[in-house]
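Engineer: Sharing a structure below in structure tokens format, with a few things to ask.
The values are calculated or read from the model by the stated rules, or taken from the named source; none is laboratory data. Note that this is a predicted model, so its numbers are computed, not measured. All Cβ positions, even for glycine, are placed from backbone atoms using ideal geometry, and neighbour counts span all protein chains on display.
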Amino acid sequence: MVCSIEGYADKITEVVAGLDPTPTILFGHSMGALIGYSMLSRYPTEIGCIHRFMASAHHPPGSSVSGPDDGPEPDEQYVAYLRRLGGFDERLLSDPAVLEVILPAVRNDLVAVSRFWNKDKAKVQVPIVAITGMEDPTTDSDTVTGWAELTSSEFHLVQVPGGHFYFSNEPERLTSVIMYTLMKAGGSQTT
């Protein structure tokens, strides 16, 4: 199991680096926003096909985290966190067999998020579009605007109705934001 944001970024960069040079948008949702940032800040030339970055449902690295604390927490804390995020079928979160499978990965990922720190405050060379659900319990617009400090290019904040998984009930919201971003980027492909 990959245990760090940088580790995930390394693995995904290996794949993205092999894409053709067509201008591409990188979309990172939740923890994926940190992975995308890590990719772009550490490998700008290797993934030069990325022309825009969409950071969805996560505050910028170095901001406070609103998940369980880093460390050994009782399973109930992780389940409560997943419930707070929304978007999970309660039957799954109440099934011990399902929890036995998913909780190790959830714990691993949340520890990776809590340990990722942007000590250099490196700026990426591509525009950033930050997307947040207006009812997301893990983000707020004031904190999310911190992504603007992490680009040497333009920044846009998009707020949409909904919570952490704002796109689950109305995927056309996300489609609209992506289409808008594509038009701004001049017809990029999306990864």
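Engineer: When D109 is evaluated against the numbered criteria (1) out of contact with any Pro (no Cβ under 7 Å at 6 or more places or on another chain); (2) at pLDDT 95 or above, which criterion, by number, is the only one it fails?
Structural biologist: Here D109 meets the rest and fails (2).
Engineer: Could you tell me which of the residues Y43, Y37 is under 17 Å from Q125 (Cβ atoms), in the same structural domain as M134 (by TED's automatic domain parsing) and crowded, with 19+ Cβ neighbours inside 10 Å?
Structural biologist: Y37
Engineer: Continuing with the same structure: Among all residue pairs at least 6 apart or on different chains, which show Cβ distances below 6 Å where the first residue, located in region 114-130, is closer than 8 Å to F53 by Cα and the second is part of a loop (DSSP other than H, G, I, E, B)?
Structural biologist: V126/S153; P127/S153; P127/E154
Engineer: Hey, another quick one. Count, please, the residues in region 1-40 that happen to be in contact with a strand residue (DSSP E or B) (Cβ under 8 Å, 6 or more places away or on another chain) and of a type in the set (A, V, I, L, M).
Structural biologist: 8
Engineer: Any residue at all in region 24-41 that is part of a loop (DSSP other than H, G, I, E, B) and over 13 Å from the mean Cα position of the chain (by Cα)? Quick ask: steps written out before the conclusion?
Structural biologist: Within region 24-41, the first condition is being part of a loop (DSSP other than H, G, I, E, B), and the residues that meet it are 30.
Then drop every residue that is not over 13 Å from the mean Cα position of the chain (by Cα), which leaves none.
The answer is no, given that none of the residues of region 24-41 is part of a loop (DSSP other than H, G, I, E, B) and over 13 Å from the mean Cα position of the chain (by Cα).
Engineer: May I pose another question? Against the condition buried (at least 18 other Cβ atoms within 10 Å of the Cβ), in contact with a Ser or Thr (Cβ under 8 Å, 6 or more places away or on another chain) and closer than 20 Å to P127 by Cβ, how does P23 come out, does it pass?
Structural biologist: no
Engineer: I need a count of the residues in region 151-163 that are surrounded by 17 or more Cβ atoms within 10 Å (Cβ to Cβ), part of a loop (DSSP other than H, G, I, E, B) and modelled with pLDDT of 95 or more.
Structural biologist: Number satisfying all stated conditions: 0.
Engineer: Among the residues of region 11-25, how many are under 22 Å from W147 (Cβ atoms) and at pLDDT 95 or above?
Structural biologist: 2
Engineer: Output the residues belonging to region 112-127 that are over 13 Å from L34 (Cβ atoms) and out of contact with any Leu (no Cβ under 9 Å at 6 or more places or on another chain).
Structural biologist: Within region 112-127, K119, D120, P127 meet the criteria.
Engineer: Also, I was wondering about something else. Take region 1-47 and flag every residue that is of a type in the set (V, I, T) and in contact (Cβ under 8 Å) with a residue 60 or more places away in the chain.
Structural biologist: In the first step, residues of region 1-47 are kept if they are of a type in the set (V, I, T); the result is 2, 5, 12-13, 15-16, 22, 24-25, 35, 45, 47.
Across region 1-47, the qualifying residues are V2, I5, V16, T22, T24, I25.
Engineer: I'm told A130 meets every condition in (1) at pLDDT 95 or above; (2) farther than 15 Å from A33 by Cα except one. Can you identify the failing condition by its number?
Structural biologist: (2)
Engineer: Now a separate question. Check L93 against each of (1) buried (at least 17 other Cβ atoms within 10 Å of the Cβ); (2) of a type in the set (A, V, I, L, M); (3) touching a Lys or Arg at 6+ places or on another chain (Cβ under 8 Å) and name the one condition it does not meet.
Structural biologist: The failed condition is (1).
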